[in-house]
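A short write-up of the structure that comes next.
Since every read-out is calculated from the coordinates, none of them should be taken as a lab result. It should be emphasised that the depicted structure is a prediction, and the values quoted were computed from it without experimental measurement. Positions of Cβ are generated from backbone atoms using ideal geometry, with glycine treated the same way; all protein chains shown enter the neighbour counts.
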Amino acid sequence: MATPHIAAEKGDFAPAVLMPGDPRRAERIANLLMPDARKVSDVRGIGAYTGTVDGKPLSVMASGMGMPSIGIYANELFGQYDVRRIIRVGTAGGLAHKVKVGDVVVALGAHTDSAMNTSRIPGIHFSAVASYPLVAAAVAAAGDATNVHVAPVVSRDHFYGNPAEQIQALADYGTLAVEMEASALYAIAAQYDREALAVLTISDHLLDHSRDMSAQEREENFERALGLAVAAAHC
Ligand code: HPA
């Protein structure tokens, strides 16, 4: 069987899928975590890999960038491949002083400016929230680390052009980071009665660009977030 964007057989995906944005990072995660990883799809260069971590099945597949892209894959994985949980492992921009470059944010909920959720239930401002058991597992795996935050983020349609007043207002309401996928993922998981979480490494900061991470730092810091994501995947 195949869907418009995934060429895999039913059963090729594990119940839990880790989902970075970048296809090359998906391949690196698969190689890092799963010596037995096999590639199960490669449509549009979006490699999907399935193997085991400590004997438990896991898949890794990239989402691409933005809510329309992750929306396509989440719909097909939940709807056609019977995936039970998707854990986004990505990067985000810090937008409040209490979060620093290199910190990890477990996204409890995700505000959005995207019409994808504004139009979801007519007349309702949909609240896109993470699945509690996955949040709890990630938090437990973080132990007493001080640089792991559990807070709302904002998923925006634009990478460039963050209106300063909007960012300040979001920070005033306790929002810690900006990214581009979590809100749609959470809503689609709710739609299918499945589970989702986003574990985000802060790669740059809207209030201080001098400490933005290099590509290498991004990879190194990423591994910490990965540990929390695997704990959530297998809880
Ligand atoms: N904006 C949106 N997405 C991001 C950012 C950002 O500043 N940094 C990493 N992902």
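Tabulated data
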| read-out | value |
| --- | --- |
| Helix-only mean residue ellipticity at 222 nm for the chain, each DSSP H run of n ≥ 4 adding -39500 (n - 2.57), per residue, nearest 500 | -10000 deg cm²/dmol |
| Charge dipole (the chain, unit charges on Cβ, about Cα centre) - positive-most of S210, V101, H149 | H149 |
| Lysines whose Cα lies under 16 Å from that of K10, excluding same-chain neighbours fewer than 8 positions away | K39 |
| Order of M1, M34 under a 10 Å beta carbon neighbour criterion, fewest first | M1, M34 |
| Cα-derived Rg over Rh, computed across the chain with Rh taken as Kirkwood radius | 0.95 |
| Segment 115-235, dipole about Cα centre (Lys/Arg Cβ +1, Asp/Glu Cβ -1), debye to the nearest 20 | 360 |
| Dipole-positive endmost among T175, L226, G47 within the chain (Cβ charges, Cα centre) | G47 |
| Per residue Cα convex hull volume in Å³ - calculated over segment 18-69 | 65 |
